[in-house]
1. Quick one: would you say residue 50 is surrounded by fewer than 16 Cβ atoms within 10 Å (Cβ to Cβ), in contact (Cβ under 8 Å) with a residue 60 or more places away in the chain, in contact with a strand residue (DSSP E or B) (Cβ under 8 Å, 6 or more places away or on another chain) and hydrophobic (A, V, I, L, M, F, W, C)?
2. Go through (1) modelled with pLDDT of 85 or more; (2) over 30 Å from residue 61 (Cβ atoms) one by one and return the number of the condition residue 148 breaks.
3. Of the conditions (1) farther than 18 Å from residue 135 by Cβ; (2) at pLDDT 85 or above, residue 48 fails just one. Which one is it?
4. Mind counting the residues in the stretch 132-164 that are open to solvent by less than 30 Å² (accessible area, probe 1.4 Å), among the hydrophobic types (A, V, I, L, M, F, W, C) and in a loop (DSSP other than H, G, I, E, B)?
5. Do we find that residue 95 is farther than 30 Å from residue 153 by Cα and surrounded by 12 or more Cβ atoms within 10 Å (Cβ to Cβ) in this structure?
6. Return the residues of the stretch 63-90 that are over 20 Å from residue 29 (Cβ atoms) and touching a residue at least 24 places away in the same chain (Cβ under 8 Å); say none if nothing qualifies.
7. Could you check residue 100 against (1) closer than 23 Å to residue 176 by Cβ; (2) in a helix (DSSP H, G or I) and say which number it fails?
8. Applying the selection to the stretch 53-62, what residues are touching a residue at least 24 places away in the same chain (Cβ under 8 Å), open to solvent by 70 Å² or more (accessible area, probe 1.4 Å) and part of a loop (DSSP other than H, G, I, E, B)?
Amino acid sequence: MWQGEDGGTNQTCTTTLHQPRDISKGPDKIHWNQAAVEEIIRLVDVTETMRFIRHNMKPKDRLASYYNPQIKLKMKDGKLIYRVRGTYGGNKSDYEGDVTAWTANMTTIKLLLNSVISSDEDGWMTADISDFYLGTPLERKEYMRIHRSQLPEATQIKYNLEELFENDYVMVEIVKGI
């Protein structure tokens, strides 16, 4: 159940979030499949973060990591939002560059919080910058395998993936941060 600020229930959440493989079989599978399709389109077409390639296009001396989709159910304006975000399985990688997402140091954060508390102004604003890291070019291309079960049929059809599958996996070349 979603609890509103007034203590009332806004809507019932019918999907228990465990693993991405569980959501493709649950009562909300249509919504989750659509979110998965939208994520692949975002990664391939919108941000041009990755592209599908033949397995033999990956250099033989390079590792291919795995696709690790992260799932989240959010409430926005009284409506459930089904969100899938594709991530690169970083524990299986031969990437040697810096993988740290540098943000503000502790001194900067303390100064900001102090100015908020001490301010006579009435309002402060926060911002959510979506796809921020997806635009970061990588120093070298990375590779990732995606299992057939992680790609909804609509995605497989849209990108003509059937001919690219090898042992139920398709290869992608990554050129920007994911």
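The values are calculated or read from the model by the stated rules, or taken from the named source; none is laboratory data. Treat the numbers as computed from the prediction; the structure is a model and nothing was measured. Cβ: placed from backbone, ideal geometry, glycine included. Neighbour counts: every protein chain shown. All accessible areas refer to the heavy atoms of the entire protein, side chains included, with ligands and DNA or RNA removed. Shrake-Rupley method; radii C 1.70, N 1.55, O 1.52, S 1.80 Å.
1. So residue 50 fails the test.
2. Condition (2) is where residue 148 drops out.
3. Result: residue 48 passes all but (1).
4. Residues that pass the stated criteria total 2.
5. Judged against the criteria, residue 95 is a match.
6. Across the stretch 63-90, the qualifying residues are 63, 64, 65, 66, 78, 87, 88, 89, 90.
7. (2)
8. The answer is 54, and nothing else.
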